[in-house]
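The values are calculated or read from the model by the stated rules, or taken from the named source; none is laboratory data. Here the structure is a predicted model, which means the values were calculated and not measured. With ideal geometry, Cβ positions are generated from the backbone for all residues, glycine too; neighbour counts draw on all protein chains shown.
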Amino acid sequence: MIALHLPGALGERIAAEARRAFPRECCGLLEGATDGKRITVVAAHPARNLSERPDRFEIDPADHFRLLRGAREQGNAIIGCYHSHPGGQAEPSPRDREGAGEAGFVWLIAAVPPEGPAALAAYLFDGTMFLPLEISGAGSLDPAAASIV
């Protein structure tokens, strides 16, 4: 299984962002690098959600291009996105499956219940389906039952 190295502080920040956005979805982009069987996240960048619907996300293209340029300047790449599922599960939804298009792109999902901790899970889109990733790192999360306050 491919591992996603997500420093604990970044996971906590994404979970907190998802909690603040509740009941709407938050979204952002993941900056990092891929090296064979390991994907490393070095930064998580919040983005504006342009969707008018609370249960959808649409990353602002201006944010996307700005973050692409910034990552390149640092010698990195945008390796994935993150978003929340308010009241949902930390797994790709039918809408996520419809919206996925780039093979090798990481999808980090923060499931936020009405009360309690958020759960994080990560997936790699291979061009046809989402493959679960093992999350590792300081304060790492188990993708099957991850929780962060």
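Observations, loosely collected:
- From the list Ala43, Ala3, the one residue that fits, being surrounded by fewer than 22 Cβ atoms within 10 Å (Cβ to Cβ), at pLDDT below 95 and either out of contact with any Cys (no Cβ under 6 Å at 6 or more places or on another chain) or farther than 24 Å from Asp126 by Cα (or both), is Ala3.
- The residue of the range 129-149 that is nearest to Pro94 (Cα to Cα), among those that are exposed (fewer than 14 other Cβ atoms within 10 Å of the Cβ) and at pLDDT 95 or above, is Met129.
- Qualifying residue in the range 53-62 (condition: touching a Ser or Thr at 6+ places or on another chain (Cβ under 7 Å) and more than 15 Å from Ala15 (Cβ to Cβ)): yes
- With respect to the conditions (1) part of a loop (DSSP other than H, G, I, E, B); (2) modelled with pLDDT under 95; (3) more than 14 Å from Cys27 (Cβ to Cβ), Leu68 falls short on a single one, namely (1).
- Test for Ala111: is it aliphatic (A, V, I, L, M), in contact with a His (Cβ under 6 Å, 6 or more places away or on another chain) and either assigned to a loop (DSSP other than H, G, I, E, B) or modelled with pLDDT of 90 or more (or both): yes
- Selected residue [crowded, with 20+ Cβ neighbours inside 10 Å and either acidic (Asp, Glu) or at pLDDT below 95 (or both)] from Glu31, Glu52, Glu58: Glu31
- Selection within the range 43-93: residues that are of a type in the set (Asp, Glu) and under 16 Å from the mean Cα position of the chain (by Cα). The member of this set that is farthest from Ala33 (Cα to Cα) is Asp55.
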